[in-house]
There are 2 protein chains.
Amino acid sequence: MLTIGTLSKKTGTKVQTIRYYEQIGLMPEPGRTEGGQRRYDNAQLDRLSFIRHSRQLGFSLDAIRELLDLSDHPNRPCHEADAIARRQLKQVEQRMARLEALRTELKRMVHECSGGRTADCKVLEVLRDHSECLTEHDEIGA
Amino acid sequence: MLTIGTLSKKTGTKVQTIRYYEQIGLMPEPGRTEGGQRRYDNAQLDRLSFIRHSRQLGFSLDAIRELLDLSDHPNRPCHEADAIARRQLKQVEQRMARLEALRTELKRMVHECSGGRTADCKVLEVLRDHSECLTEHDEIGA
DNA sequence: GCAAAACCTACACCAACTGTATCTTTTTCC
DNA sequence: GGAAAAAGATACAGTTGGTGTAGGTTTTGC
């Protein structure tokens with residue numbers, strides 16, 4: 001029987017986060033002691049590890065919910081899990097492409113800054129004047 | 001004299017977002033008509049363009065606040081703006097490195113999935129078993 | 001048996017918006 | 001000029017994925 005603190009250490013998840021996962025229905029309600037404290041078993045430890053690992057791979061909580069559901073039904077065809085992973089891969093590649101463009105632009109800004117007054121600072125100039133922009137970057141957030 | 005809708009179209013910013021920027025003090029309070037509607041001038045259009053362009057480059061609203069402040073004081077030395085851009089560049093490079101690792105892992109997952117039952121789905125297996133993991137990916141969020 | 005550590009609930013807060021409801025102003029068209 | 005439609009106003013809730021805090025209870029270790 002594991003306390004929430006032990007689970008927290010074993011999975012690298014904050015205690016509050018575990019309670020949060022329970023609240024949103026991602027983790028099942030665990031058993032309680034007489035005094036009302038949560039106690040977990042190994043199945044729950046595995047489930048939380050699965051969740052954390054998936055989060056580290058960039059899956060959204062919704063995607064993880066789907067994956068857990070698939071994992072709970074071993075007789076269903078596998079292509080759904082594969083599709084989720086493929087979707088995720090596509091997203092990651094899109095993000096990388098966008099970041100690559102931003103990196104180019106930022107490098108240019110930094111290299112052109114000669115260290116004078118802000119009045120003729122290239123960094124600010126580039127930000128002020130969109131037409132200086134070499135790349136198309138119309139999506140926000142990374 | 002520009003309406004908020006015109007400003008919205010010209011900068012590709014949602015109307016609500018413009019009002020939100022005003023609320024958090026990033027945009028100044030504009031003039032109003034008799035009836036209470038906002039009216040903007042070109043200076044404000046430029047400022048909003050600056051904000052949007054900076055957001056597209058991944059700067060946080062806090063960083064943009066600093067940059068706007070620098071931009072408002074042309075006699076200050078430029079190295080602060082340069083430092084902000086360098087910080088941003090470093091962040092972008094870190095994100096790219098992390099995404100690169102995730103991409104490798106996801107590719108591996110997708111390629112190994114043979115399309116059988118979820119019981120022996122490689123995608124789920126990888127997520128279940130952290131020890132299969134080729135990369136170190138302990139930071140979350142991208 | 002008592003202090004300290006770990007736990008409990010409940011709620012507020014973070015970024016950076018977006019969406020909704022309800023109402024008023026402005027524009028457009030006949 | 002007057003009706004209808006488009007655009008604007010405020011205020012507040014919701015989004016994602018958590019984190020932080022306050023104030024109280026339970027468990028553990030010596």
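Projecting 7 Å from Cα along the Cα-to-Cβ direction, the label point of A:Glu80 sits 5.5 nm from its equivalents in the other copies, listed shortest first. What does the charge add up to near B:Val110, with Lys and Arg as +1, Asp and Glu as -1, over the other residues with Cβ less than 9 Å from its Cβ? My count for the surroundings of B:Val110 gives +2. Each other copy places its own label point for B:Arg117 at 7.7 nm from this one, sorted shortest first, where the point lies 7 Å along the Cα-to-beta carbon line. The mean number of Cβ atoms from other chains found within 10 Å of a Cβ in peptide B:81-93 is 6, as a whole number.
Using a Gaussian network model of chain B with C-alpha springs under 10 Å, which one of B:Leu45, B:Leu124, B:Leu26 is most mobile by mean-square fluctuation? Per the Cα network of chain B with a 10 Å cutoff, B:Leu124 tops the list.
For chain A, a Gaussian network of Cα nodes joined below 10 Å ranks A:His53, A:His111, A:His73 by mean-square fluctuation, and the top entry is A:His111. For chain B, the longest principal axis of the alpha carbon atoms and the long axis of helix B:61-72 meet at an angle near 40°. Stokes-Einstein diffusion for segment A:4-57, with the hydrodynamic radius set to the Kirkwood value over Cα pairs and evaluated at 10 °C in a medium of 1.306 mPa s, equals 141 µm²/s.
Distance from a point 7 Å along Cα→Cβ of A:Ala43 to each backbone N in segment A:62-81: keep the residues under 16 Å and list them by number. So the set is A:68-74.
Starting from the label point of B:Gln16 at 7 Å along Cα→Cβ, the same points in the other copies fall at 2.6 nm, in ascending order.
Please return the longest range in chain B lying between exposed loop sites, taking GluC sites (Glu not before Pro), DSSP loop only, at most 14 other beta-carbon atoms within 10 Å, and leaving the sites out. With a cap of 14 other Cβ atoms within 10 Å, the longest stretch comes to B:35-135. The mean sequence separation of alpha-carbon pairs under 8 Å and at least six residues apart, normalised by the residue count of chain A, gives a relative contact order of 15 percent.
Rule-based calculations on the coordinates, nothing more; no lab input. Everything numeric in this text was worked out from a predicted model, so none of it was measured. Backbone-built Cβ (ideal geometry, glycine too); neighbour counts: all protein chains shown.
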